[in-house]
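Below: one structure, written as structure tokens.
The values are calculated or read from the model by the stated rules, or taken from the named source; none is laboratory data. If you're wondering where the values come from, they're calculated on a predicted model, not measured in any experiment. Positions of Cβ are backbone-derived with ideal geometry, glycine not excepted, and every protein chain shown enters the neighbour counts. Heavy atoms of the whole protein, side chains included, go into the accessibility calculation; ligands, DNA and RNA do not. Shrake-Rupley method; radii C 1.70, N 1.55, O 1.52, S 1.80 Å.
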Amino acid sequence: MADSMEEYIKENTDKYIEELVSWLKIPSISTLPEHAGDVRSAAIWAENKLLALGFPVVEVIEGDGHPLVFAEWTDKQDQPTLLIYGHYDVQPVDPLSEWRSSPFEPRIENGSIYARGATDDKGQLMVVFAALEAWTKYRGALPINIKILLEGEEEAGGASVEKYLYSHGRRLQADAALICDTHMNSLEQPSIISGLRGILYTEIAVHGAKTDLHSGSYGGVAPNPVHALCLLIARLKGEDGRIHIDKIYDAPVAVAEEEKDFWKENRQSLEARLLVEMGVDQLVGENELSPHERLGVRPTLEVHGIRGGFTGEGAKTVIPAEALAKVSLRLPAGMDPNQVFTVFAKAVGENLPTGYEVDVRNLHGGAGFSISPENRYVKNAADAIEKTYGRRPVFMREGGSIPIAALFDGILGIPVVLMGFGLPDDGAHGPNEKFSLAQLYNGICTVAEYLDRLRK
Ligand code: BES
Ligand code: MN
Ligand code: MN
């Protein structure tokens, strides 16, 4: 028998990796309808895992979209309850040709496991499952009450989990929530997330003539929606990175002094790292501001793709009748994406060249989130991290979005601890996504320690 929990975790790490591999093999891509069956299989995998851990209540909850998985083990009257959230769905894998091995045949190389979902979020959920297993098997019982809520639509901006939160708030009630779905500054410098940006995801369709036209017979007089869309986008955000939408910079953002200190001290090193990660020789946008601020709390507007006209092999002289762009905004905590949609749609209308019709659709949104580093559940997390890493974590903002965080905060009224174990070069959403096995082990030890520190 191992003589400490860390020992036990070390001895069982190969087993945890094996289990993770079997989960990663399921291509649970939530945004592609043809993978709906796989998404369900990944939910059932989680259900079985939670049953095997001994949870007395485990449910796969069916709704309009992909299922939710809920579990609870709440038999300790005098102990706090922690609600743990994660997602078992993954992003699409294209471009497949960029992968060095198949995204759903996990491969271990140089101390990392490579597969779609390795870091986002199956690997990080495996951290949680293994920490719970270490408690039940090594210590005989969980130290506190645990509720688990997993969803399969996070990567697709689905509404199921939000709906469930509104209808089952009581069932989900807890003292705090834990989300392991972010990354740390580095292996040497652990960090905790003190804020996430929100997101508003839109689609803009510009219409011109009633049909595609010969560009010789009509070029010079016809509306060209592709060109109009380009003008529109250029007017919404300039080369200096400034967004021209009413009140977009008005939300007050509270940043703790210790965060600002870290921004200053770490600026050069973050800039250098970003250049390497992106393979470019300069940053674009609001270069007068530190990248910590630009990534963590500044609004941004990005075009994800443009469709319209002829883009096939060879040449075709046509003036397209319509053009479409996918555009999203990242928003600092405190801005309501639906309210931003109203001003965004207005800005689109005002900046559209004359002679065109436009439809703007709100595809999905989620509010940003922030939490004080002084919160006691956050401090406990910092202590647990310090015990594992031998170093106090710094507080960082994450530019990505986890819509549930603001909902837990707003609907359940509980603090949300964002303690993630990814690394900046994990390549979430990209090709060759990975999760560090050192972080798998560190993460399990840290979450196990965290549960202990929450115990009264
Ligand atoms: N785990 C990520 C959030 C994240 C991104 C954490 C980057 C750390 C670094 C999450 O799965 C995600 O991808 N969120 C989406 C949200 C969306 C689809 C509503 C995002 O940020 O684009
Ligand atoms: Mn995620
Ligand atoms: Mn993601």
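Couple of notes before you dig in:
- The convex hull around the C-alpha trace of region 183-270, projected and averaged over every direction, spans 10.3 square nanometres.
- As a fraction of the 1.4 Å probe accessible area of the chain, surface on carbon and sulfur atoms comes out at 49 percent.
- About its Cα centre, the dipole of the chain is roughly 460 debye, where the only charges are +1 on Lys and Arg Cβ and -1 on Asp and Glu Cβ.
- Between the C-alpha center of region 356-402 and that of region 77-95 there is a gap of 14 Å.
- Across all directions, the shadow cast by the convex hull of region 338-383 built on its C-alpha atoms averages 5.1 square nanometres.
- Our summary of shape: the Cα atoms of the chain have principal axis extents of 83, 48, 45 Å, ordered from largest down, in whole angstrom.
- Region 353-456, relative contact order [Cα under 8 Å, separation at least 6], %: 31
- Each 10 Å bin from zero up to the one holding the largest Cα-Cα distance in region 118-242 carries the following percent of pairs: 8, 22, 24, 17, 13, 10, 4, 1, 0.
- Debye log10 I(q)/I(0) for region 271-390, one point scatterer per Cα, at q = 0.11, 0.17, 0.19 Å⁻¹: -0.66, -1.14, -1.21
- Long-range HN-HN contacts of VAL318 with modeled amide H, under 5 Å: SER215
- Three-way shape call for region 1-100 based on the alpha-carbon gyration tensor, with the a/c threshold at 1.5: oblate
- Whole-Å semi-axes of the ellipsoid equivalent to region 284-331 (Cα gyration tensor, √5λ, descending): 35, 12, 8
- Rg/Rg_ref, region 119-192, where Rg_ref = 2.2 N^0.38 Å and atoms are Cα: 1.32
- Entries of LYS15/LYS456; LYS122/LYS260; LYS10/LYS387 with Cα pairs more than 28 Å apart: LYS15/LYS456; LYS122/LYS260
- Relative to the longest principal axis of the Cα atoms of the chain, helix 5-24 runs at roughly 40 degrees.
- DSSP beta bridges confined to the chain are antiparallel in about 70 percent of cases.
- Length released on extending from ARG376 to GLN282, taking residue separation times 0.36 nm less the Cα-Cα span: 29.9 nm
- Per-residue 3J(HN,Hα) values for region 241-256, derived from phi via the Karplus relation 6.51 cos²θ - 1.76 cosθ + 1.60 with θ = phi - 60°, read x, 7, 9, 9, 10, 3, 6, 5, 9, 7, 5, x, 10, 8, 10, 5 Hz in sequence order (x marks Gly and Pro).
- For region 374-456, the spread of Cα positions along each principal axis, largest first, Å: 41, 32, 19
- Dividing the Cα radius of gyration of region 264-303 by 2.2 N^0.38 Å, with N the residue count, gives 1.15.
- Cα gyration tensor shape for region 38-171, rounded if a/c is under 1.5, else prolate or oblate: oblate
- Heavy-atom accessible area per residue - the chain, 1.4 Å, Å²: 44
- Relative contact order (%) - criterion: Cα under 8 Å, at least six apart; region: region 1-149: 29
- Relative contact order [Cα under 8 Å, 6+ residues apart], the chain, whole percent: 25
- Calculated mean residue ellipticity, 222 nm, the chain: -11000 deg cm²/dmol, from DSSP H runs (n ≥ 4) at -39500 (n - 2.57) each, averaged per residue and rounded to 500.
- Separation of region 1-42 and region 222-236, taken as the distance between their Cα centroids, equals 46 angstrom.
- For region 208-337, the fraction of C-alpha pairs farther apart than 20 angstrom is 61 percent.
- If you wrap region 328-427 in the convex hull of its Cα atoms and look at it from every side, the mean projected area works out to 8.9 nm².
- Split the chain at each of the GluC sites (Glu not before Pro) in a DSSP loop with at most 13 other beta carbon atoms within 10 Å, and the longest piece is 63-187.
- Candidates per trypsin sites (Lys or Arg not before Pro) in region 363-398, loop by DSSP, up to 14 other Cβ within 10 Å: ARG391
- Qualifying trypsin sites (Lys or Arg not before Pro) for region 15-103 [loop in DSSP, other Cβ within 10 Å: at most 16]: LYS76, ARG100
- Separation of region 112-138 from region 276-354 is 35 Å, based on Cα centroids.
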